[in-house]
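Reading through the structure tokens given below for one structure.
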Amino acid sequence: MSGPLTGRLALVTGAGSGIGRITSKFLSRDGAIVVAVDRNLKAAEETVQDLNSQNDNVAFEMDVASSDSISKVLNATIERYQRPPMIVVNSAGITRDNFLLKMPEADFDAVINVNLKGTWLVLQHFGRAMVDHQVPGAMVNVSSIVARSGNIGQSNYSPSKAGVEAMTKVVAREFGRYNIRVNAVVPGFIQTPMTATLPQKVKDIMIMQCALRRFGNPEEIAEVIAFLASDKSSYINGTSVEVTGG
Ligand code: NAP
């Protein structure tokens, strides 16, 4: 099977669920060889079972908040494929919602560590390997519309995602000279396990605020990520694409 990403090695974090899982599927559909990583190995393995089996895809356990864990996966990837990925998708993320006045400090730290620092660590480790191996490519980070709009209960999550957008612009400027593009997607409210536990009352408000009057599905985000990962977006760099239903 040939497609726009044929033979390209792609790392997807948070690949065991939601947007990361469907992104793995779409990159594989487009021909990429997928390194699916998640802190939940079993979930990442399930993702890989569903991919184009003609390719040598692999699942690894990786905690994006741990430099050691990322190093191990990077080494294992280079050992297996003799090269680093040329596509990196940062989809791993968590929420720990609560009103500011009630939020434990540990929940602020956890969200910043995974969403913001985790993205930074993955960009740094995998970016360094791409530069060292002279591998051009594309990196896609996952922000969120609440980075721009704010959202009650997310004084940890919203700034973590605003940071991801700002980081995207910085790293794009730094990596452009190596022919590595860095962009972000900015999803609205998407039906995944992350939003499944929101009370119906909250979901109804989100739906009323959306022009299309519905949640998005992970396929609608993954399609944009696949586009940003491919040469079809070869002059799009350092920017963020809102996928929110308006
Ligand atoms: P999801 O279904 O919960 O998937 C996230 C995956 O990342 C899960 O498998 C999760 O594992 C994993 N993960 C969490 N912490 C990790 C870590 N430290 N290292 C490695 N993997 C880790 O959520 P999703 O909705 O697909 O979200 C994907 C991305 O989109 C996130 O960055 C999220 O913030 C962003 N986003 C989502 C929405 C939405 O409405 N769903 C909107 C805007 C942005 P566990 O299940 O063990 O936590």
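No lab work stands behind these numbers, since they all come straight from the coordinates. Because the structure is a prediction, the values reported are computed rather than measured. All Cβ positions, even for glycine, are placed from backbone atoms using ideal geometry, and neighbour counts span all protein chains on display.
If the viscosity is 1.306 mPa s and the temperature 10 °C, what Stokes-Einstein diffusion coefficient in µm²/s follows for region 1-60 when Rh is the Kirkwood radius over Cα pairs? Don't skip to the end; give the middle numbers.
On the way: Rh = 10.7 Å.
Once the numbers are plugged in, D ends up at 149 µm²/s.
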Task: Contour minus Cα-Cα distance for Leu101 and Arg214 (0.36 nm per residue) - done: 37.6 nm
Task: Per residue Cα convex hull volume in Å³ - calculated over region 110-203 - done: 96
Task: Loop trypsin sites (Lys or Arg not before Pro), region 160-246 (other Cβ atoms within 10 Å of the site Cβ: 11 or fewer; DSSP) - done: Arg213
TODO: For region 1-150, report the translational diffusion coefficient in µm²/s to the nearest whole number, using Stokes-Einstein at 10 °C, 1.306 mPa s, and a Kirkwood Rh over Cα pairs.
DONE: 101
Task: Karplus-derived HN-Hα couplings along region 23-29 (A = 6.51, B = -1.76, C = 1.60, θ = phi - 60°), whole Hz, x at Gly and Pro - done: 4, 4, 5, 6, 5, 5, 3
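Roughly speaking, what is the stretch gain from Asp231 to Arg173, that is 0.36 nm per residue apart minus the C-alpha to C-alpha distance, in nm to one decimal?
Values: separation 58, 0.36 × 58 = 20.88 nm, distance 1.83 nm.
In short, 19.0 nm is gained.
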TODO: Would you kindly derive the ³J(HN,Hα) couplings of region 103-118 from the backbone phi angles with the Karplus curve 6.51 cos²θ - 1.76 cosθ + 1.60 (θ = phi - 60°), listing them in order in whole Hz, with x for Gly and Pro?
DONE: 6, x, 4, 4, 6, 5, 4, 4, 5, 5, 5, 7, 6, 8, 5, x
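Looking only at chymotrypsin sites (Phe, Trp or Tyr not before Pro) in DSSP loops with at most 15 other Cβ atoms within 10 Å, what is the longest site-free stretch of the chain?
Numbers: sites that count: Phe99, Tyr235.
After excluding every exposed loop site, the longest remaining stretch is 100-234.
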TODO: Starting with the highest mean, order 191-198, 132-139 by the number of other Cβ atoms within 10 Å, averaged over the residues of each peptide.
DONE: 132-139, 191-198
